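So the structure is just underneath, and the comments pick up after that.
The values are calculated or read from the model by the stated rules, or taken from the named source; none is laboratory data. Source: prediction; values computed, not measured. Backbone-built Cβ (ideal geometry, glycine too); neighbour counts: all protein chains shown. Only protein heavy atoms, including side chains, enter the accessible area calculation; ligands, DNA and RNA are left aside. Shrake-Rupley method; radii C 1.70, N 1.55, O 1.52, S 1.80 Å.
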Amino acid sequence: MIHHRTPEFDQILARVLLQLKSIFQTENPCYVLSTTGSGGMECLLVNTMAPKEAVLVINSGKFGERWGQMVECFGGELHTLKIPWGEAASADQVYNVLKKNPQIKLVLTQACETSTGTLHPIQEIGKMLKEQFPDILFLVDGITALGALPLSMDQWNIDGLVGGSQKAFMLPTGLSLLSFSKKAWGKISQNPMPRFYFDIRHEQKANLKGETFFSSNVSLIRALDIILNEILKKGLETHFSEIKTRAQFVRKYCQKIGFTLYSQFPSDSVTALWMPQKSGSHKFREELEKRFKITIMGGQDEAKDKIIRIGHMGYILPQQQLELMESLYQLLLDHQQIAKLNNWGEIKSEMKRDLNL
Ligand SMILES: *Cc1c(COP(=O)(O)O)cnc(C)c1O
(Lines give C-alpha, C1' and ligand atoms only; values in the text may rest on other atoms or scores of the structure.)
Protein backbone atom coordinates (compact mmCIF):
# COMPACT_ATOMS: atom_id res chain seq x y z
CA MET A 1 0.00 0.00 0.00
CA ILE A 2 1.23 3.48 -0.76
CA HIS A 3 -0.02 6.56 1.06
CA HIS A 4 -2.43 8.81 -0.82
CA ARG A 5 -0.48 11.99 -0.11
CA THR A 6 2.66 10.93 -1.97
CA PRO A 7 4.13 11.98 -5.32
CA GLU A 8 3.71 8.38 -6.51
CA PHE A 9 -0.04 8.42 -5.91
CA ASP A 10 -0.40 11.99 -7.23
CA GLN A 11 0.82 10.77 -10.60
CA ILE A 12 -1.59 7.86 -10.67
CA LEU A 13 -4.56 10.06 -9.76
CA ALA A 14 -3.64 12.67 -12.35
CA ARG A 15 -3.39 9.99 -15.04
CA VAL A 16 -6.73 8.41 -14.07
CA LEU A 17 -8.58 11.74 -14.06
CA LEU A 18 -7.16 12.58 -17.46
CA GLN A 19 -7.81 9.19 -19.05
CA LEU A 20 -11.37 9.12 -17.77
CA LYS A 21 -12.12 12.06 -20.06
CA SER A 22 -11.51 9.77 -23.04
CA ILE A 23 -13.98 7.24 -21.67
CA PHE A 24 -16.63 9.88 -20.94
CA GLN A 25 -15.75 11.61 -24.23
CA THR A 26 -15.85 14.96 -22.52
CA GLU A 27 -13.80 18.13 -22.22
CA ASN A 28 -15.01 18.59 -18.66
CA PRO A 29 -13.27 17.25 -15.55
CA CYS A 30 -14.13 13.73 -14.39
CA TYR A 31 -14.33 12.66 -10.75
CA VAL A 32 -13.59 9.44 -8.90
CA LEU A 33 -15.55 8.94 -5.68
CA SER A 34 -15.25 6.21 -3.05
CA THR A 35 -18.81 4.98 -3.25
CA THR A 36 -20.90 2.49 -5.19
CA GLY A 37 -22.80 3.34 -8.35
CA SER A 38 -25.87 4.47 -6.40
CA GLY A 39 -23.67 6.92 -4.48
CA GLY A 40 -22.60 8.35 -7.81
CA MET A 41 -26.26 8.68 -8.87
CA GLU A 42 -26.96 10.52 -5.62
CA CYS A 43 -23.99 12.80 -6.25
CA LEU A 44 -25.34 13.73 -9.70
CA LEU A 45 -28.77 14.42 -8.25
CA VAL A 46 -28.00 16.40 -5.08
CA ASN A 47 -25.65 18.71 -6.92
CA THR A 48 -28.01 19.55 -9.78
CA MET A 49 -31.53 19.33 -8.32
CA ALA A 50 -32.84 22.11 -6.08
CA PRO A 51 -35.34 21.21 -3.32
CA LYS A 52 -38.94 20.96 -4.58
CA GLU A 53 -37.88 21.07 -8.22
CA ALA A 54 -39.88 19.04 -10.75
CA VAL A 55 -38.01 16.08 -12.22
CA LEU A 56 -38.93 13.58 -14.92
CA VAL A 57 -37.71 10.03 -14.36
CA ILE A 58 -37.80 7.42 -17.10
CA ASN A 59 -38.72 4.30 -15.18
CA SER A 60 -38.34 1.09 -17.19
CA GLY A 61 -37.12 -1.22 -14.42
CA LYS A 62 -35.42 -1.52 -11.03
CA PHE A 63 -32.84 1.20 -11.57
CA GLY A 64 -35.29 3.70 -13.01
CA GLU A 65 -37.34 3.06 -9.90
CA ARG A 66 -34.27 3.92 -7.84
CA TRP A 67 -33.93 7.32 -9.54
CA GLY A 68 -37.55 7.98 -8.59
CA GLN A 69 -36.96 7.00 -4.95
CA MET A 70 -33.98 9.34 -4.79
CA VAL A 71 -35.91 12.28 -6.24
CA GLU A 72 -38.66 11.77 -3.64
CA CYS A 73 -36.14 11.31 -0.84
CA PHE A 74 -34.57 14.69 -1.60
CA GLY A 75 -37.93 16.45 -1.85
CA GLY A 76 -38.27 16.71 -5.61
CA GLU A 77 -41.62 16.76 -7.44
CA LEU A 78 -41.53 13.39 -9.16
CA HIS A 79 -42.95 12.87 -12.64
CA THR A 80 -42.56 9.36 -13.98
CA LEU A 81 -42.54 8.18 -17.56
CA LYS A 82 -43.40 4.55 -16.91
CA ILE A 83 -42.14 2.21 -19.61
CA PRO A 84 -43.14 -1.48 -19.61
CA TRP A 85 -40.26 -3.77 -18.61
CA GLY A 86 -38.22 -4.83 -21.61
CA GLU A 87 -39.14 -1.76 -23.66
CA ALA A 88 -37.18 1.44 -24.26
CA ALA A 89 -38.33 5.04 -23.97
CA SER A 90 -38.47 7.21 -27.09
CA ALA A 91 -37.50 10.87 -27.46
CA ASP A 92 -41.11 11.56 -28.52
CA GLN A 93 -42.52 10.14 -25.31
CA VAL A 94 -40.14 12.31 -23.26
CA TYR A 95 -41.04 15.33 -25.39
CA ASN A 96 -44.77 14.84 -24.77
CA VAL A 97 -44.39 14.71 -20.98
CA LEU A 98 -42.17 17.79 -20.96
CA LYS A 99 -44.57 19.74 -23.20
CA LYS A 100 -47.40 19.09 -20.74
CA ASN A 101 -45.29 19.86 -17.66
CA PRO A 102 -43.24 22.98 -18.37
CA GLN A 103 -42.11 23.16 -14.71
CA ILE A 104 -39.78 20.13 -15.16
CA LYS A 105 -36.11 21.06 -14.71
CA LEU A 106 -34.32 17.72 -14.97
CA VAL A 107 -34.67 14.47 -16.92
CA LEU A 108 -33.21 11.31 -15.38
CA THR A 109 -32.69 7.97 -17.08
CA GLN A 110 -30.51 4.89 -17.30
CA ALA A 111 -28.51 4.39 -20.48
CA CYS A 112 -28.90 0.64 -20.06
CA GLU A 113 -31.62 -0.51 -17.65
CA THR A 114 -29.74 -3.47 -16.19
CA SER A 115 -32.79 -5.23 -14.73
CA THR A 116 -34.22 -5.76 -18.23
CA GLY A 117 -31.07 -5.54 -20.39
CA THR A 118 -32.58 -2.65 -22.34
CA LEU A 119 -30.78 0.21 -24.04
CA HIS A 120 -32.47 3.62 -24.13
CA PRO A 121 -31.88 6.01 -27.08
CA ILE A 122 -29.71 8.46 -25.13
CA GLN A 123 -28.36 10.25 -28.18
CA GLU A 124 -31.87 10.95 -29.52
CA ILE A 125 -33.22 12.09 -26.15
CA GLY A 126 -30.18 14.36 -25.63
CA LYS A 127 -30.61 15.88 -29.09
CA MET A 128 -34.32 16.51 -28.56
CA LEU A 129 -33.66 18.14 -25.17
CA LYS A 130 -30.99 20.41 -26.61
CA GLU A 131 -33.27 21.54 -29.42
CA GLN A 132 -36.60 21.80 -27.56
CA PHE A 133 -35.79 22.31 -23.86
CA PRO A 134 -32.32 23.82 -23.67
CA ASP A 135 -32.65 24.71 -19.96
CA ILE A 136 -33.37 21.18 -18.77
CA LEU A 137 -30.51 19.14 -17.30
CA PHE A 138 -30.13 15.57 -18.54
CA LEU A 139 -28.70 13.08 -16.00
CA VAL A 140 -27.73 9.61 -17.20
CA ASP A 141 -27.00 6.55 -15.06
CA GLY A 142 -24.48 4.85 -17.34
CA ILE A 143 -23.40 2.24 -14.82
CA THR A 144 -23.84 -0.66 -17.27
CA ALA A 145 -23.03 1.44 -20.35
CA LEU A 146 -20.12 3.78 -19.67
CA GLY A 147 -16.94 1.94 -20.64
CA ALA A 148 -18.89 -0.83 -22.39
CA LEU A 149 -20.83 0.94 -25.15
CA PRO A 150 -20.53 4.15 -27.14
CA LEU A 151 -21.75 6.96 -24.86
CA SER A 152 -20.45 10.37 -25.75
CA MET A 153 -21.14 12.84 -22.97
CA ASP A 154 -20.39 16.10 -24.79
CA GLN A 155 -21.73 15.19 -28.23
CA TRP A 156 -24.90 13.68 -26.86
CA ASN A 157 -25.66 16.65 -24.59
CA ILE A 158 -25.50 14.75 -21.31
CA ASP A 159 -25.24 17.03 -18.25
CA GLY A 160 -24.39 14.44 -15.63
CA LEU A 161 -23.06 10.94 -16.26
CA VAL A 162 -22.08 8.18 -13.83
CA GLY A 163 -20.29 4.84 -14.19
CA GLY A 164 -19.32 2.18 -11.64
CA SER A 165 -16.10 0.25 -11.05
CA GLN A 166 -17.68 -3.22 -10.74
CA LYS A 167 -19.57 -3.12 -14.02
CA ALA A 168 -17.82 -2.09 -17.23
CA PHE A 169 -14.51 -1.34 -15.53
CA MET A 170 -13.86 -4.96 -14.50
CA LEU A 171 -12.93 -4.00 -10.93
CA PRO A 172 -14.28 -4.74 -7.47
CA THR A 173 -17.12 -2.57 -6.14
CA GLY A 174 -16.24 0.75 -4.55
CA LEU A 175 -15.58 3.48 -7.10
CA SER A 176 -18.07 5.69 -8.82
CA LEU A 177 -16.93 7.73 -11.81
CA LEU A 178 -18.74 10.86 -12.85
CA SER A 179 -18.70 14.12 -14.74
CA PHE A 180 -20.86 17.24 -15.12
CA SER A 181 -21.38 19.48 -18.15
CA LYS A 182 -20.65 23.23 -18.10
CA LYS A 183 -24.41 23.84 -18.06
CA ALA A 184 -24.72 21.68 -14.93
CA TRP A 185 -21.82 23.51 -13.27
CA GLY A 186 -23.71 26.76 -13.78
CA LYS A 187 -26.40 25.42 -11.45
CA ILE A 188 -24.19 23.45 -9.03
CA SER A 189 -22.48 26.52 -7.62
CA GLN A 190 -25.77 28.16 -6.54
CA ASN A 191 -27.82 25.06 -5.74
CA PRO A 192 -29.28 25.37 -2.21
CA MET A 193 -29.74 21.58 -1.84
CA PRO A 194 -28.04 20.44 1.42
CA ARG A 195 -25.21 18.00 0.72
CA PHE A 196 -21.96 17.08 2.41
CA TYR A 197 -20.12 13.90 1.35
CA PHE A 198 -21.39 14.27 -2.20
CA ASP A 199 -20.81 18.01 -2.56
CA ILE A 200 -18.86 17.93 -5.80
CA ARG A 201 -17.52 21.46 -5.25
CA HIS A 202 -15.11 20.13 -2.58
CA GLU A 203 -13.91 17.41 -4.92
CA GLN A 204 -13.41 19.86 -7.75
CA LYS A 205 -11.20 22.12 -5.62
CA ALA A 206 -9.21 19.18 -4.26
CA ASN A 207 -8.70 17.69 -7.74
CA LEU A 208 -7.30 21.02 -8.94
CA LYS A 209 -4.61 20.59 -6.28
CA GLY A 210 -4.00 17.03 -7.46
CA GLU A 211 -5.79 15.40 -4.53
CA THR A 212 -9.12 13.85 -3.64
CA PHE A 213 -11.12 15.72 -0.96
CA PHE A 214 -11.57 12.73 1.36
CA SER A 215 -8.96 9.95 1.70
CA SER A 216 -8.32 8.35 -1.67
CA ASN A 217 -9.33 4.80 -2.44
CA VAL A 218 -5.71 4.04 -3.30
CA SER A 219 -5.98 0.36 -4.17
CA LEU A 220 -8.97 0.71 -6.49
CA ILE A 221 -7.64 3.85 -8.14
CA ARG A 222 -4.37 2.03 -8.86
CA ALA A 223 -6.35 -0.83 -10.36
CA LEU A 224 -8.46 1.60 -12.39
CA ASP A 225 -5.25 3.15 -13.72
CA ILE A 226 -4.25 -0.24 -15.13
CA ILE A 227 -7.69 -0.93 -16.62
CA LEU A 228 -7.91 2.50 -18.27
CA ASN A 229 -4.46 2.00 -19.74
CA GLU A 230 -5.47 -1.35 -21.15
CA ILE A 231 -8.74 -0.10 -22.60
CA LEU A 232 -7.23 3.00 -24.17
CA LYS A 233 -4.19 1.16 -25.53
CA LYS A 234 -6.52 -1.29 -27.24
CA GLY A 235 -8.73 1.60 -28.35
CA LEU A 236 -12.30 2.31 -27.33
CA GLU A 237 -13.69 1.09 -30.66
CA THR A 238 -11.97 -2.28 -30.30
CA HIS A 239 -13.00 -2.57 -26.67
CA PHE A 240 -16.64 -1.84 -27.49
CA SER A 241 -16.64 -4.22 -30.42
CA GLU A 242 -15.29 -7.07 -28.26
CA ILE A 243 -18.20 -6.60 -25.87
CA LYS A 244 -20.65 -6.36 -28.78
CA THR A 245 -19.29 -9.57 -30.26
CA ARG A 246 -19.82 -11.38 -26.96
CA ALA A 247 -23.38 -10.08 -26.75
CA GLN A 248 -24.12 -11.14 -30.32
CA PHE A 249 -22.73 -14.60 -29.62
CA VAL A 250 -24.86 -15.06 -26.51
CA ARG A 251 -28.01 -13.72 -28.20
CA LYS A 252 -27.53 -15.93 -31.25
CA TYR A 253 -26.83 -19.23 -29.49
CA CYS A 254 -29.13 -18.78 -26.51
CA GLN A 255 -31.99 -18.41 -28.97
CA LYS A 256 -30.85 -21.55 -30.79
CA ILE A 257 -31.11 -23.59 -27.58
CA GLY A 258 -34.53 -22.36 -26.50
CA PHE A 259 -34.26 -19.04 -24.70
CA THR A 260 -36.01 -15.96 -26.10
CA LEU A 261 -34.91 -12.35 -25.84
CA TYR A 262 -36.60 -10.45 -23.01
CA SER A 263 -35.78 -6.95 -24.23
CA GLN A 264 -37.01 -5.34 -27.42
CA PHE A 265 -33.91 -3.14 -27.48
CA PRO A 266 -31.17 -5.39 -26.13
CA SER A 267 -28.07 -3.74 -24.73
CA ASP A 268 -24.67 -5.16 -25.62
CA SER A 269 -23.55 -4.95 -21.99
CA VAL A 270 -26.03 -7.44 -20.53
CA THR A 271 -28.52 -9.83 -22.13
CA ALA A 272 -31.85 -10.72 -20.49
CA LEU A 273 -33.53 -13.91 -21.68
CA TRP A 274 -36.84 -15.62 -20.99
CA MET A 275 -36.45 -19.18 -19.74
CA PRO A 276 -37.86 -21.53 -22.41
CA GLN A 277 -40.80 -22.34 -20.05
CA LYS A 278 -40.93 -18.73 -18.77
CA SER A 279 -40.27 -19.95 -15.23
CA GLY A 280 -37.71 -21.79 -13.15
CA SER A 281 -34.74 -19.44 -13.52
CA HIS A 282 -34.03 -19.32 -9.79
CA LYS A 283 -33.18 -23.01 -9.43
CA PHE A 284 -31.52 -23.01 -12.84
CA ARG A 285 -29.13 -20.27 -11.86
CA GLU A 286 -28.35 -21.85 -8.50
CA GLU A 287 -27.40 -25.10 -10.15
CA LEU A 288 -25.36 -23.39 -12.85
CA GLU A 289 -23.29 -21.91 -10.06
CA LYS A 290 -23.00 -25.12 -8.04
CA ARG A 291 -22.31 -27.54 -10.86
CA PHE A 292 -20.51 -25.40 -13.41
CA LYS A 293 -19.13 -22.52 -11.31
CA ILE A 294 -20.73 -19.99 -13.62
CA THR A 295 -22.52 -17.00 -12.12
CA ILE A 296 -25.28 -15.28 -14.04
CA MET A 297 -28.19 -13.24 -12.71
CA GLY A 298 -31.92 -13.80 -12.54
CA GLY A 299 -34.83 -11.40 -12.71
CA GLN A 300 -36.43 -9.16 -10.09
CA ASP A 301 -40.03 -8.20 -9.36
CA GLU A 302 -42.23 -9.04 -12.33
CA ALA A 303 -39.37 -10.88 -14.04
CA LYS A 304 -38.51 -12.91 -10.93
CA ASP A 305 -37.86 -16.60 -11.65
CA LYS A 306 -38.75 -15.99 -15.31
CA ILE A 307 -35.55 -14.68 -16.84
CA ILE A 308 -31.80 -15.00 -16.68
CA ARG A 309 -29.34 -12.17 -17.32
CA ILE A 310 -25.85 -12.70 -18.72
CA GLY A 311 -23.22 -9.98 -18.46
CA HIS A 312 -20.81 -9.22 -21.30
CA MET A 313 -18.66 -6.64 -19.50
CA GLY A 314 -15.37 -7.56 -17.91
CA TYR A 315 -12.70 -10.13 -18.56
CA ILE A 316 -14.37 -12.96 -20.47
CA LEU A 317 -12.50 -15.41 -22.70
CA PRO A 318 -13.85 -17.22 -25.81
CA GLN A 319 -13.34 -20.59 -24.09
CA GLN A 320 -15.57 -19.40 -21.25
CA GLN A 321 -18.23 -18.31 -23.73
CA LEU A 322 -18.26 -21.85 -25.11
CA GLU A 323 -18.40 -23.40 -21.64
CA LEU A 324 -21.28 -21.12 -20.75
CA MET A 325 -23.34 -22.28 -23.74
CA GLU A 326 -22.54 -25.96 -23.15
CA SER A 327 -23.53 -25.66 -19.50
CA LEU A 328 -26.73 -23.79 -20.30
CA TYR A 329 -27.73 -26.45 -22.83
CA GLN A 330 -26.99 -29.32 -20.45
CA LEU A 331 -28.98 -27.71 -17.65
CA LEU A 332 -31.94 -26.90 -19.90
CA LEU A 333 -32.12 -30.61 -20.73
CA ASP A 334 -31.75 -31.66 -17.08
CA HIS A 335 -34.47 -29.24 -16.02
CA GLN A 336 -36.74 -30.44 -18.83
CA GLN A 337 -37.02 -26.92 -20.18
CA ILE A 338 -36.31 -28.17 -23.71
CA ALA A 339 -36.11 -31.41 -25.67
CA LYS A 340 -32.81 -32.72 -27.00
CA LEU A 341 -31.60 -30.89 -30.10
CA ASN A 342 -30.69 -33.12 -33.06
CA ASN A 343 -28.34 -30.50 -34.42
CA TRP A 344 -26.45 -29.79 -31.16
CA GLY A 345 -23.22 -31.13 -32.72
CA GLU A 346 -23.53 -28.69 -35.62
CA ILE A 347 -24.35 -25.83 -33.27
CA LYS A 348 -21.21 -26.60 -31.27
CA SER A 349 -19.00 -26.57 -34.36
CA GLU A 350 -20.55 -23.30 -35.44
CA MET A 351 -19.90 -21.78 -32.01
CA LYS A 352 -16.25 -22.81 -32.15
CA ARG A 353 -15.91 -21.23 -35.58
CA ASP A 354 -17.50 -18.00 -34.33
CA LEU A 355 -15.15 -17.96 -31.34
CA ASN A 356 -12.07 -18.88 -33.40
CA LEU A 357 -11.44 -21.87 -31.17
C1 LIG B 1 -25.51 -1.83 -10.69
C2 LIG B 1 -26.29 -0.65 -11.08
C3 LIG B 1 -26.56 0.39 -10.17
C4 LIG B 1 -26.22 0.32 -8.71
O5 LIG B 1 -24.92 0.27 -8.45
P6 LIG B 1 -24.39 -0.06 -6.99
O7 LIG B 1 -22.93 -0.10 -7.22
O8 LIG B 1 -24.97 -1.36 -6.56
O9 LIG B 1 -24.82 1.05 -6.10
C10 LIG B 1 -27.23 1.51 -10.61
N11 LIG B 1 -27.66 1.60 -11.88
C12 LIG B 1 -27.45 0.63 -12.77
C13 LIG B 1 -27.96 0.81 -14.16
C14 LIG B 1 -26.77 -0.54 -12.40
O15 LIG B 1 -26.57 -1.52 -13.30
Tell me which residues, restricted to region 299-315, are more than 13 Å from LYS167 (Cα to Cα) and not in a strand (DSSP E or B). GLY299, GLN300, ASP301, GLU302, ALA303, LYS304, ASP305, LYS306
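Residues that are at pLDDT 95 or above, within 16 Å of the ligand (Cβ to nearest atom) and over 30 Å from LEU261 (Cα atoms): find the strands (runs of 3 or more DSSP E) completely inside region 27-100 holding 2 or more of those. It would help to see each step written out before you state the result.
Working: elements: 30-34, 54-59, 77-82.
In region 27-100, the matching strands (runs of 3 or more DSSP E) lie at 30-34.
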Can you tell which of PHE213, PHE265 is open to solvent by 70 Å² or more (accessible area, probe 1.4 Å), hydrophobic (A, V, I, L, M, F, W, C) and free of Cβ contacts under 8 Å to residues at least 12 places away in the same chain? PHE213
Scan region 126-147 for residues that are within 16 Å of the ligand (Cβ to nearest atom) and in contact (Cβ under 8 Å) with a residue 40 or more places away in the chain and jot them down. LEU139, ASP141, ILE143, THR144, ALA145, LEU146, GLY147
Could you give me the residue pairs with C-beta distances under 8 Å whose first residue belongs to region 105-125 and is at positive phi, whose second residue is charged (D, E, K, R) and within 16 Å of the ligand (Cβ to nearest atom) wherever it lies, and which are 6+ apart or on separate chains? GLY117/ARG309
Top-ranked residue of region 1-11 - restricted to ones that are within 15 Å of ALA206 (Cα to Cα) and either hydrophobic (A, V, I, L, M, F, W, C) or assigned to a loop (DSSP other than H, G, I, E, B) (or both), ranked as most open to solvent (accessible area, probe 1.4 Å): ARG5
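Checking the conditions here, which among LEU146, LEU151 is open to solvent by less than 20 Å² (accessible area, probe 1.4 Å), more than 29 Å from ASN101 (Cα to Cα) and hydrophobic (A, V, I, L, M, F, W, C)?
Among LEU146, LEU151, only LEU146 is open to solvent by less than 20 Å² (accessible area, probe 1.4 Å), more than 29 Å from ASN101 (Cα to Cα) and hydrophobic (A, V, I, L, M, F, W, C).
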So, in region 94-116, of the ones that are among the polar types (S, T, N, Q) and open to solvent by less than 70 Å² (accessible area, probe 1.4 Å), which residue ends up farthest from VAL140 (Cα to Cα)? ASN101
For region 101-120, name all the residues that are in contact with a Gly (Cβ under 7 Å, 6 or more places away or on another chain), β-branched (Val, Ile, Thr) and assigned to a loop (DSSP other than H, G, I, E, B). THR116
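If you check THR260, THR271, THR295, THR238, which single one turns out to be within 18 Å of LEU119 (Cα to Cα), open to solvent by 10 Å² or more (accessible area, probe 1.4 Å) and not charged (D, E, K, R)? Lay out the reasoning, then the answer.
Working: THR271 fails: open to solvent by 10 Å² or more (accessible area, probe 1.4 Å); THR295 fails: within 18 Å of LEU119 (Cα to Cα); THR238 fails: within 18 Å of LEU119 (Cα to Cα).
Going through THR260, THR271, THR295, THR238 in turn, just one is within 18 Å of LEU119 (Cα to Cα), open to solvent by 10 Å² or more (accessible area, probe 1.4 Å) and not charged (D, E, K, R): THR260.
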